[in-house]
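Undergrad: Take this structure first; my questions come after.
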Amino acid sequence: MGLRSKLLLVALSILALPWAGWQFVREMETLLRQGQEQALLASADALARSVAVRPGGLPAAGDSGFVHLLDFAPRLDGDVADWRVAAGSALAFGSPRPWMRVLAGRANERLHLWISVDDASAQRGDAHWPADLAFDRLELRLLGRGGVLSLRLANASPGELRVAGDDGLPPSVRVEGAWREREGGYELELALPQDFSVRALGLRVQDADGLGQVRVAGTLDGDGGIRPLPLHGFLGALEPVLQALAPEGMRVRVTDREGWVLARAGEVRADPSEEDILPWRRGLYRALLFRDVTAVADEPAQARRLVRAEVARAVAGSPAVAWRRDPAGARLLLSASVPLEVAGQVRGAVLVERSNSEVLLLTDQAFSRLLGVSLVAFLASGGVILLFATRLGQRIRRLRDAAERALDREGRVTPFPRTTARDEVGDLSRSFARLLDQVSAYTDYLRSLSGKLSHELNTPLAIVRSSLDNLDHEPLEPQARIVLARARDGVERMGNLVRTMSEVTRIEHAIDAAEAEDLDLRTLLQDCADAYRVLLAPRELRLELPAGPLPLRAAPDLLVQALDKLVDNARGFTPETGWVRLSAAREEHGVRITLANQGPLLPDAMRGRLFDSLVSLREKNQRAEGAAHLGFGLYVVRLVADLHRGHAEAGNLPGGGGVEFVLHLRGMPSGL
């Protein structure tokens, strides 16, 4: 995280003021909500008491069945699809799992029944057959104003429904219907006459399996007899009463214990002033203030069933409230549900809903004032801190950039800018400058050290070498001869070291005075390869060059010395049965020379330091063979690559069988 970001983060502490104000707004909104809840519960309770005074048509205290209000008279074909009522809402009977379902509906003042029975063993018969025979049939007990009507329903085959009375004779009323066979059972659909009003329905289905076993299901009492089940449905006569009692701008619905709507009145109307709230504020309230309020789509105005938690709690005997918001905005909807009790027994529930515009408007006013004050304070303090952080960040970035440019590619120290500022950043800048001055002086000393050492050591080495030559002509014991040979070997190694350091110094001076010429790199590499084959024998040298010339402006002598160092390095690490590959290719800004060899891989930690001075990976036994290796070879390669406006890099081969050294050369400038 940057310094400016940290300072801005500290500036955010001033948000404690609007946060405290926001908490006050939330507390105020909570109190307003509680007041709205109590008021709406009181209105719902008053409506429930008014409805309970007129209990006619309300569901019975015990079990009862709901008669759906159908949009149109369905076709009597045994198929429930045209009822437009979910089959899952049917009454279910049978055990251990339900195997009979019943739906009741009313259309054009006629009662319609749809009955579905799961029956894997079809033992069909006719309704007019004697009752003591075992066959599949249904028995209905219809309780109306004219008394009890008993019907027997059974068909030997699909088609028009066969109906008979208890005595097997045609019934006293005309019943229309159809019997339909389906896989795993049968379905039947019937309609009663318009003038036959039914208050209760009893039914009993008998399923025979042909082996003397019979199972029964339906509205049965403890002795297996048919017990009439009271029916209730939509109460259109109750709607004018609700319309007169419902407060303006509220929606009232009366439901039975299963959530089926018995009557409805009114509609939820939003306060027009809600439109004054800006859309972005509505989104903010939805995200922060109303996070605990569930966003749900409102039910259709003509919803037939309400599946809500507050309605379920009211049916259980406890008043309940619920907050919702419409998904499209921040408008709050408050609903209150209370039990509908008659003579101490819950017959259903009364649900009252309204839009909670007052809470939104008061919250918006308080939030607007809080937002204005907080915004001014935050912008003022944040602007000052931002300007200070920007200025400080710029100074630190300039210091960082200067520190990154303090050393060039050759390790030379560049001038470090000094500042006169009297703060901590100024002190740090001056400390860096003093440190780099000391590093520059020490670096210059190290660069000239090899030349000084080679010059100073030449004379003592000549004296030691001449002394050994004189001793070689004296008569010595065999043991002394061995010691003399060891001393001469050590002097030779010291001489090699001095020559190596002298060579590096000479190359550095040669680079400073190098003259460029235009040459064909392909021809130069071809000539060098002939000499390298003899040097690398018995190792195999593979040469991969392009077919055409590779023009390059370069210093050929220095380029050959760099190649000599790479080949000597490859010879020291490649086994005698291994291979060395020299290749060249043209690239976007120049040419690329690659020398790869079979052998041990490069350590990851050393790849970035291989071309530094006095860095070597040769083992002690390798250093004991031939000339000493001080780590100047690849350093010379880097100097030559820099002279040709390129760079050197090293890495392992993709297959892991060796290493490769790559020179990317753009060529020397034309003025050299």
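The values are calculated or read from the model by the stated rules, or taken from the named source; none is laboratory data. Values in this document were obtained by computation on a predicted structure and should not be read as measured data. Cβ atoms come from the backbone with ideal geometry, glycine included; neighbour counts cover every protein chain shown. The area values use the complete protein model at the heavy-atom level, side chains included, leaving out ligands, DNA and RNA. Shrake-Rupley method; radii C 1.70, N 1.55, O 1.52, S 1.80 Å.
Undergrad: Scaled to the compact-protein estimate 2.2 N^0.38 Å, what is the alpha-carbon radius of gyration of the range 24-97, rounded to two decimal places?
TA: Against the compact-globule rule of thumb, the ratio is 1.91.
Undergrad: According to a simple spin-label model (label point 7 Å from Cα along Cα-to-Cβ), what is the distance in nm between Leu31 and Ala531?
TA: So the two model labels end up 9.9 nm from each other.
Undergrad: Would you mind counting up the charge near Leu653? Only other residues with Cβ under 12 Å from its Cβ, with Lys and Arg at +1 and Asp and Glu at -1.
TA: Local net charge: 0.
Undergrad: Rounded to a whole number, what % of the accessible area of the range 123-277 do carbon and sulfur atoms account for, probe 1.4 Å?
TA: 48
Undergrad: So what does the Cα-only Debye profile of the range 565-605 read at q = 0.14, 0.28, 0.33, 0.35 Å⁻¹, as log10 I(q)/I(0), no solvent term?
TA: Ignoring solvent entirely, the Cα scatterers give -0.40, -0.95, -1.10, -1.17.
Undergrad: Sticking with this structure for a sec: Quick check: at a probe of 1.4 Å, how many percent of the accessible area of the range 45-102 sits on carbon and sulfur atoms?
TA: On the way: 1570 of 3050 Å².
So the carbon and sulfur contribution to the accessible surface is 52 percent.
Undergrad: If you don't mind, another one. Which value in nm describes the separation of the simple spin-label points at Arg542 and Arg54, placed 7 Å from the Cα toward the beta carbon?
TA: Rounded to a tenth, the inter-label distance reads 10.3 nm.
Undergrad: Rounded to the nearest 20 debye, what is the charge dipole size of the range 196-275 about its Cα centre when +1 sits on each Lys and Arg Cβ and -1 on each Asp and Glu Cβ?
TA: Once rounded to the nearest 20, the dipole reads 380 debye.
Undergrad: Considering the Cα trace of the range 58-209, what is its radius of gyration and what is Dmax, both in angstroms?
TA: When restricted to Cα atoms, the range 58-209 yields Rg and Dmax of 14.7, 41 Å.
Undergrad: Please give the peptides 135-142, 652-659, 349-356 ranked by average Cβ packing (other Cβ atoms within 10 Å per residue), highest first, as a rough proxy for protection.
TA: 349-356, 135-142, 652-659
Undergrad: If you don't mind, there's one more thing I want to ask. For all pairs of alpha-carbon atoms in the range 144-188, what percent lies in each bin of width 10 Å, listed from the first bin to the last filled one?
TA: That works out to 26, 47, 23, 5, in percent per bin.
Undergrad: Still on this structure: Can you give the accessible area of Met494 in Å² (nearest 10), computed on protein heavy atoms with a 1.4 Å probe?
TA: Met494 exposes around 90 Å² with every protein chain in place.
Undergrad: In the full protein assembly as shown, how much of His589 is accessible to a 1.4 Å probe, in Å² to the nearest 10?
TA: 120
Undergrad: Then there's this: Calculate one ³J(HN,Hα) per residue across the range 396-406 by plugging θ = phi - 60° into the Karplus curve 6.51 cos²θ - 1.76 cosθ + 1.60, and present them in order as whole Hz with x for glycine and proline.
TA: Values, residue by residue: 5, 5, 4, 5, 5, 5, 5, 5, 5, 8, 5 Hz.
Undergrad: For Glu517, Glu576, what's the largest-to-smallest order of accessible area, 1.4 Å probe?
TA: On the way: Glu517 90, Glu576 120 Å².
Correct descending sequence by accessible area is Glu576, Glu517.
Undergrad: Give the accessible area for Arg313 in Å² (nearest 10); use a 1.4 Å probe, count only protein heavy atoms, and leave out ligands, DNA and RNA.
TA: 130
Undergrad: Let me ask something additional. For a quick protection proxy, order the peptides 379-388, 180-189 by their average other-Cβ count within 10 Å, most packed first.
TA: Going by the mean number of other Cβ atoms within 10 Å, highest first, we get 180-189, 379-388.
Undergrad: Find the accessible area per residue for the range 76-156; the probe is 1.4 Å, ligands and nucleic acids are left out, and the unit is Å².
TA: That works out to 44 Å² per residue.
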